[in-house]
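Scroll down for the structure; my scribbles are underneath it.
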Amino acid sequence: MAPSSVRVRFAPSPTGRLHVGGLRTALYNYLFARKHDGDFVLRIEDTDQSRSVPEAEDDIRDALSWVGLAYDEGPEKGGDYAPYRQSERSARYRECAQELIEAGRAYYAFDTEAELDDMREEHGAYDVTTRQHMRNSLTMEADEVEQRIEAGDDYVVRLKVPRQETVQFDDEVRGSVSFDTSEIDDQVLLKSDGMPTYHLANIVDDHLMDISHVIRGEEWLSSTPKHVLMYDALGWTPPTFAHLPLILSPDPERGGKLSKRDANELGIPVYVADYREAGYEPEALLNFLALLGWSPGTEQELFALNEMVDAFSLDRVGASGVQFDLDKLRWVNEHYVRDLSVETLAERARPYVEADGYDVSDGCLETICSLVQDRIQVVPEVVTENRYFFEDPDGYEEAGVEERWTDESAELLRTYADRLEAVDAFDKETIETVLRDLADEKEVGAGAIIHPSRLAVSGRSYGPGVFGLLAAVGKEACIRRMRQAADELG
């Protein structure tokens, strides 16, 4: 790798569907790589085979593809640093674990689960103060250690954290960060099944793949001193670190990191697939996530992906946690929906229309979309917030009836329905002409017919222009609904 080249990686564990916080991490890595003409690598960290879910890797790739974050190297795609699944790289991890043991920076531990439980209950962590009382190669004779290994006894390999030292590193987001080794436990590096933990595999792969910058969530900050110790023990130069701020719950009473439980209770989608199913625009989701921790330093709030690349820098990523604001996401999404062509909006809305059992022609659906496009925030609202285009309303807005329905409304509406029934063309112009002629004839304002007509046909006192609305609903349905409202509301 050339000294100045940028290589970053997004390294999720395939234990479930991709979390929206994971997508933000992927996005920041992507933006940084593209800004510096570098490489964006997808690496699957599947060392925990008991928790890995086969379909989770597909979900990760599908999510990245949906939002348009194309990676340069990764599983299936390949690259010069293949393989890109950690489960396929296990031999090198064992070699590095052995190097650490031989350098006196790691050790074998033979403790049983019961012994570990007792230790944790009494002392807490397995660290510099407790390891001397446990069954490991630091407290056992060398020949006994060798005999146990040859006999096939279960063991793990642990990092030997030095006493009374300070581990310091620079973070692109947080500046200089330091930890006292008394705060660091002797992390398991190699499990009893021979598979590495995240900590060992992570630093080995980052080194062997020439990763220049590790951009990840704040939850990994406390693990970084362990990684720095391992880099030092193996004689490797650590990459540049950048730990992104936590995504916080928007509920001040809950506070803290946005958990899956809190998100579900607050109605916030947790997984990227949830946003796709809910009809959010992928570009809008990326736009929102980019600003969830990063500030462009200007008043601009709407960014295309290429604009984010041009504006992005790690020095404008904040260290403080940032609240997830679903209303802000919906506001951003609303702008992207408005930028769609009517034809595209209708195509996007079609699956939701059909899922609810409505049979609507392409032309009619495009007309409906043209009427509601400026009034919706997500595509499914073409249907969910405007059902009166597809079926008769099941009631009438009480406030609208109280304010807009008068003693003359029923008779005016019946007459208007009769006049509409007599016309051949049922377009906006004809509908408006008939209404205004009737208003002049009855010597009332046009609103005396417009408002009851809207209530009768949509069940609401608000919505798109009434003449376009009536034309889109259709002649037969409008006449039926007007007569029904006149009968019910009197």
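Brief remarks follow.
- Within the range 195-212, being buried (at least 19 other Cβ atoms within 10 Å of the Cβ), part of a loop (DSSP other than H, G, I, E, B) and not β-branched (Val, Ile, Thr) holds for MET195, MET209, SER212.
- Qualifying residues in the range 33-92 (those that are surrounded by 14 or more Cβ atoms within 10 Å (Cβ to Cβ) and polar (S, T, N, Q)) - the one farthest from the chain's Cα centre (by Cα): SER90
- The listed residue being over 26 Å from SER90 (Cβ atoms) and either touching a Ser or Thr at 6+ places or on another chain (Cβ under 6 Å) or modelled with pLDDT of 95 or more (or both), out of GLU144, GLU121: GLU144
- Verdict on ASP315 being outside any loop (DSSP other than H, G, I, E, B) and surrounded by fewer than 18 Cβ atoms within 10 Å (Cβ to Cβ): yes
- ASP327 vs. criteria in a loop (DSSP other than H, G, I, E, B) and without any contact (Cβ under 8 Å) to a residue 12 or more places away in the chain: no
- Residue within the range 146-163 that is assigned to a strand (DSSP E or B), surrounded by fewer than 17 Cβ atoms within 10 Å (Cβ to Cβ), touching a residue at least 12 places away in the same chain (Cβ under 8 Å) and among the acidic types (Asp, Glu) present: no
- Criterion: under 37 Å from the mean Cα position of the chain (by Cα), of a type in the set (D, E, K, R) and under 30 Å from ARG330 (Cα atoms) - qualifying residue of GLU391, GLU398: GLU391
- If you go through the range 388-397 and pick out every residue that is under 15 Å from ARG454 (Cβ atoms) and either touching a Cys at 6+ places or on another chain (Cβ under 6 Å) or not hydrophobic (A, V, I, L, M, F, W, C) (or both), you end up with 6.
- The selection criterion, being of a type in the set (S, T, N, Q), more than 26 Å from THR224 (Cα to Cα) and either at pLDDT below 95 or touching a strand residue (DSSP E or B) at 6+ places or on another chain (Cβ under 8 Å) (or both), does not hold for THR129.
- Only residues that are under 13 Å from ILE215 (Cα atoms) and either under 17 Å from the mean Cα position of the chain (by Cα) or part of a loop (DSSP other than H, G, I, E, B) (or both) were counted in the range 1-20, giving 4.
- Residue count for the range 234-267, restricted to those that are in a helix (DSSP H, G or I) and buried (at least 19 other Cβ atoms within 10 Å of the Cβ): 2.
- One residue alone among VAL332, VAL372 is in the same structural domain as TYR275 (by TED's automatic domain parsing), crowded, with 20+ Cβ neighbours inside 10 Å and assigned to a helix (DSSP H, G or I), and that residue is VAL332.
- Checked against (1) outside the structural domain of ASP327 (by TED's automatic domain parsing); (2) touching a residue at least 40 places away in the same chain (Cβ under 8 Å); (3) on the phi > 0 side of the Ramachandran plot, THR240 passes all but condition (3).
- Number of residues in the range 350-369 that are surrounded by 15 or more Cβ atoms within 10 Å (Cβ to Cβ) and assigned to a helix (DSSP H, G or I) equals 9.
- Checking each residue of the range 129-138 against the condition of being loosely packed, with under 13 Cβ neighbours inside 10 Å and either within 40 Å of the chain's Cα centre (by Cα) or closer than 30 Å to ALA319 by Cα (or both) gives no match.
- Test: residue in the range 274-281 that is exposed (fewer than 13 other Cβ atoms within 10 Å of the Cβ) and closer than 27 Å to GLN187 by Cα: no
- Just one of the listed residues (GLU299, GLU347) is out of contact with any Cys (no Cβ under 7 Å at 6 or more places or on another chain), surrounded by 14 or more Cβ atoms within 10 Å (Cβ to Cβ) and among the acidic types (Asp, Glu), namely GLU347.
The values are calculated or read from the model by the stated rules, or taken from the named source; none is laboratory data. Please read these numbers as outputs of a predicted model, since none were measured by experiment. Here Cβ is always computed from backbone atoms with ideal geometry, including for glycine, and neighbour counts include all displayed protein chains.
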